[in-house]
Amino acid sequence: MERFIETDKKDTRSGFGDGLLELGKKNKHIVALCADLTGSLKMDAFAKTFPGRFIQAGIAEANMIGMAAGIAIGGKIPFTGTFANFSTGRVYDQIRQSVAYSDKNVKICASHAGITLGEDGATHQMLEDIGMMKMLPNMVVINPCDYNQTKAATIAIADHIGPVYLRFGRPKVPVFIPKYEPFIIGKALKINEGTDVSIFATGHLVWEAIVAAKALESEGLSVEVINIHTIKPLDDEAILASARKTGCVVSAEEHQRNGGLGDSIAQLLARNLPTPMEMVAIDDQFGESGTPEQLMEKYGLNSESIILAVKRVLARK
């Protein structure tokens, strides 16, 4: 875990904005579209630098997805941006029919995902988006963990031909992934080697898993932590190898238990390697207003909850 040390705190949406700007400088085919949330999505620098390649769609998310699909037909690489609930729930039909079904090269970029949106409350806290997107054929689903990984993921998805759903958040969270760590779609990133239990975490929960692992190691446990930044395609090989070694697993995510990362891992293990498993996730509930820290604690999405899940699964090993 020596390579993965907190160096700063930044919001992952800024990683997206900085990655998009860098992409724009490198690739003239990159086009950005936003649904009246340019500042919130940190797309303003791209819009100012490349006004001819930026489209302000207004509060018309379905039209934005349709425009992106058409732009992709013309050989450009469109990146759409709005909040996660508007990026998925409001426009699911357009994504299914105009993007996924025809395998369009559209990058759907969603900020303010999960419960850490905070004070805006349940109507804006999107906790079902990973499930919705991963069920669509052709769709790649990525959920990076910090500023550096979000920037790297934003740049990487431009080279992938086909639809991508990129999920990130609003609050400032620890930056711990090395600046030049390669981002490979579909390839999990091992944070720590261990032999007693595997923790598979995604998004904001990766840092919480690291904190939990350090606490558990002080109690004499050997904890393997793996960052599953790509939920689809899942890195089956890395997950099965780790589960085979440790004999029990915990998944951790800022999403509903149904349809999320844990659901995908459970299916994989059921088919190939039945293994005791616990899931740290939202338990079939909507969120509520509160600070990100208050909500993560109330809904059991922190290091303490991961520690308890590890102890439960070890008892079943």
Test each condition in (1) over 18 Å from Phe176 (Cβ atoms); (2) out of contact with any helix residue (DSSP H, G or I) (no Cβ under 6 Å at 6 or more places or on another chain) for Ile231 and report the one that comes out false.
-> (2)
Small (Gly, Ala, Ser) and either without any contact (Cβ under 8 Å) to a residue 12 or more places away in the chain or touching a helix residue (DSSP H, G or I) at 6+ places or on another chain (Cβ under 9 Å) (or both) - does that describe any residue in the stretch 131-139?
-> yes
Count - residues of the stretch 220-229 that are crowded, with 24+ Cβ neighbours inside 10 Å and either under 10 Å from the mean Cα position of the chain (by Cα) or charged (D, E, K, R) (or both) | 2
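Conditions tested, residue by residue: (1) assigned to a helix (DSSP H, G or I); (2) of a type in the set (Val, Ile, Thr); (3) touching a Leu at 6+ places or on another chain (Cβ under 7 Å); (4) under 16 Å from Arg90 (Cβ atoms).
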{"position": "Ser102", "(1), (2), (3), (4)": "no, no, no, no"}
{"position": "Asn105", "(1), (2), (3), (4)": "no, no, no, no"}
{"position": "Cys109", "(1), (2), (3), (4)": "no, no, yes, yes"}
{"position": "Ile115", "(1), (2), (3), (4)": "no, yes, yes, no"}
{"position": "His124", "(1), (2), (3), (4)": "no, no, yes, yes"}
{"position": "Met133", "(1), (2), (3), (4)": "yes, no, no, yes"}
{"position": "Pro137", "(1), (2), (3), (4)": "no, no, no, no"}
One residue from Thr12, Thr7, Thr49, Thr38 being of a type in the set (S, T, N, Q) and surrounded by 22 or more Cβ atoms within 10 Å (Cβ to Cβ) = Thr12
Subset of the stretch 188-219 (residues that are β-branched (Val, Ile, Thr), assigned to a strand (DSSP E or B) and more than 19 Å from the chain's Cα centre (by Cα)) = Val197
Contacts under 9 angstrom Cβ, first residue in the stretch 39-50 being not assigned by TED's automatic domain parsing to the domain that holds Thr82, partner in a loop (DSSP other than H, G, I, E, B), 6 or more apart | none
Among the residues of the stretch 158-186, write down those that are within 25 Å of Gly131 (Cβ to Cβ), assigned to a loop (DSSP other than H, G, I, E, B) and free of Cβ contacts under 8 Å to residues at least 60 places away in the same chain.
-> His160, Ile161, Gly162, Phe183, Ile184, Ile185, Gly186
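The values are calculated or read from the model by the stated rules, or taken from the named source; none is laboratory data. Here the structure is a predicted model, which is why all the values come from computation and not from measurement. Here the Cβ is made from the backbone with ideal geometry for all residues, glycine too, and neighbour counts use every protein chain on show.
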